[in-house]
Amino acid sequence: MIFMKIMIIGDGKIGSVLAEQLSKEKHEVTLVDRSGVRLDQSNNELDVMVVEGDGASREVQLEAGADQADLVIACTGADELNLLCCLIGKKLGARHTIARVRNPMYVEELNLIKDDLGLSMAINPEEACATEMARVLRFPSAIKIDTFAKGRVELLRFRLKPEIGFGGKTVMDIMRQLKCDVLICAVERGSEVVIPNGSFVLQDTDILSIVGSLENTAQFFEKIGLRSKSVKNSLIIGGGTIAHYLAQDLLKIGFRVRIIEQRKERCDYLSEVIPGADIINGDGSDRDLLLEEGLTYADSLVALTGLDEENIFLALYGKLHSNAKLIAKVNKIAFDDVIDSFGIDSIIYPKYLTADYILQYVRARQNTIGRNAV
């Protein structure tokens, strides 16, 4: 296995998650940040090297080894600084660079100057979250969906319910019964993950991961009695950047979209940039307002406020008063086992989703380096 020299600029939410995972995978990781306090904590908790200083400084990058780096990842809180860090890293000799870019205004500009900047990848956390949510809403029975082979193959995670009738049956029995060309490739039971064989016995509340073509996975869900057709309308609570991207994605595929946002100026902005959506100026935690805006009849409810607790309670309220597909955004993962017990359909963790996209790229590059070294 070929391990990489990786420099991460920005020891914040995404940077710390990346450093933790990449160091676990035995890569040589160097963290760069202006805050010595954050770096001391990372240095104590992780197997990484740290350099205190401005990541846009040539001297600091050289001290951190940018000239020998296989990859520079810039994930500070400022888009412009991330782009500058990547440009400097590339000029100093880094083989690949990734920048976290959040501002929607930069999307088109990046397409124009990506090659000039030497960027291998630009990741937008809010856009990545919106894409994930839109994908899940297309297949409401799934908790999470990943696509492969240019969208022709899907890997879906979903939770078994007693009414499905899989509890106590083996994987082989289920495949014989359903006659669907899908593969049950993983079973999550509590904190355990099992790669099942044909004699593995399933239990209710297990989380299954299945892989198959779009047509076959849809057929599988139809045969087990779970809804496989996409929803047609969505009630979004919170009008931030993720809501902006999500509304645009959903409108493109024919959804009716309503966004409840408390800030008047933000409502005015959203009305201008997303003319096809209904923008409601109001408090999304107001139960009467939610019912008035059709929560009872909504196909899906997406809670995107700035408070994790509020998003969870909004999803639980939606569960009580509707049959909607429920999605909640949660930034902190400290109580994920408690959150999972609430029965909310999909919990989206932005920083982990963003880190996962970058990790996929790192692993792909690692495999390429390994093949070339043979």
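Under the criterion of Cα pairs below 8 Å and six or more residues apart, the relative contact order for the chain equals 13 percent. By DSSP, the beta bridges lying fully in the chain are antiparallel in about 35 percent of cases.
Probe of 1.4 angstrom, ligands and nucleic acids ignored: what's the accessible area per residue over the range 6-139, in square angstrom? Before the final figure, lay out each step's value.
Values: 5990 Å² over 134 residues.
About 45 Å² of surface per residue is accessible.
Straight-line cross-link reach from residue 114 at under 19 Å between alpha-carbon atoms covers these aspartates and glutamates, not counting any fewer than eight positions away in the same chain: 70, 79, 80, 127.
Run the accessible area of the chain with a 1.4 Å probe and give the carbon-and-sulfur part as a rounded percent.
Numbers: 9290 of 18340 Å².
Here carbon and sulfur together make up 51 percent of the probe-accessible area.
Inverting the mean 1/r over all pairs of different Cα atoms, compute the Kirkwood radius of the chain and quote it in Å. That comes to 22.5 Å for the chain.
Please compute, over every Cα-Cα pair in the range 287-367, the percentage with a separation greater than 15 angstrom. For the range 287-367, the share of Cα pairs beyond 15 Å comes to 60 percent.
Projecting label points 7 angstrom from Cα along Cα→Cβ for residue 264 and residue 201 puts them 6.4 nm apart.
The range 233-300 gives an Rg/Rh value of 0.93, both radii derived from C-alpha positions and Rh following Kirkwood. Model label sites at residue 163 and residue 58, defined 7 Å from Cα along the beta-carbon direction, differ in position by 6.7 nm.
Name the residue farthest towards the positive end of the dipole of the chain from the options 248, 354, 209, assuming +1 on Cβ of Lys and Arg, -1 on Cβ of Asp and Glu, about the Cα centre. The listed residue farthest towards the positive side: 209. Legend: calculated FRET efficiency, residue 296 to residue 189, from the Cβ-Cβ distance at R0 = 41 Å, rounded to 0.05, equals 0.75.
Can you grab the distance from the C-alpha centre of the range 219-271 to the C-alpha centre of the range 1-42, Å, no decimals? If we compute the Cα centre of each part, the gap is 35 Å. Computed from the C-beta positions of residue 68 and residue 341 and an R0 of 51 Å, the FRET efficiency is 0.65 to the nearest 0.05.
Once the 1.4 Å probe is applied to the protein heavy atoms, the range 186-279 comes out at 49 Å² accessible per residue.
The value of relative contact order for the range 276-339, using C-alpha pairs under 8 Å at least six residues apart, is 31 percent. Treating r as the C-beta distance of residue 91 and residue 45 and R0 as 22 Å, the FRET efficiency rounds to 0.10. Each Lys and Arg adds +1 at its Cβ and each Asp and Glu adds -1 at its Cβ; summed about the Cα centre, the chain shows a dipole of about 1320 debye. Of 199, 234, 166, which is farthest along the charge dipole of the range 165-243 in the positive direction, counting Lys and Arg as +1 and Asp and Glu as -1 at C-beta? The one lying farthest along the dipole's positive direction is 234. Applying a threshold of 22 Å to the alpha-carbon distances of 329/351; 252/351; 24/351; 169/223 flags 252/351 as lying beyond it.
The values are calculated or read from the model by the stated rules, or taken from the named source; none is laboratory data. Since the model is a prediction, treat every value here as computed from it, not as a measurement. Note that we place each Cβ from the backbone using ideal geometry, even for glycine, and neighbour counts take in every protein chain shown. Accessible surface areas use protein heavy atoms only, side chains included; no ligands, DNA or RNA. Shrake-Rupley method; radii C 1.70, N 1.55, O 1.52, S 1.80 Å.
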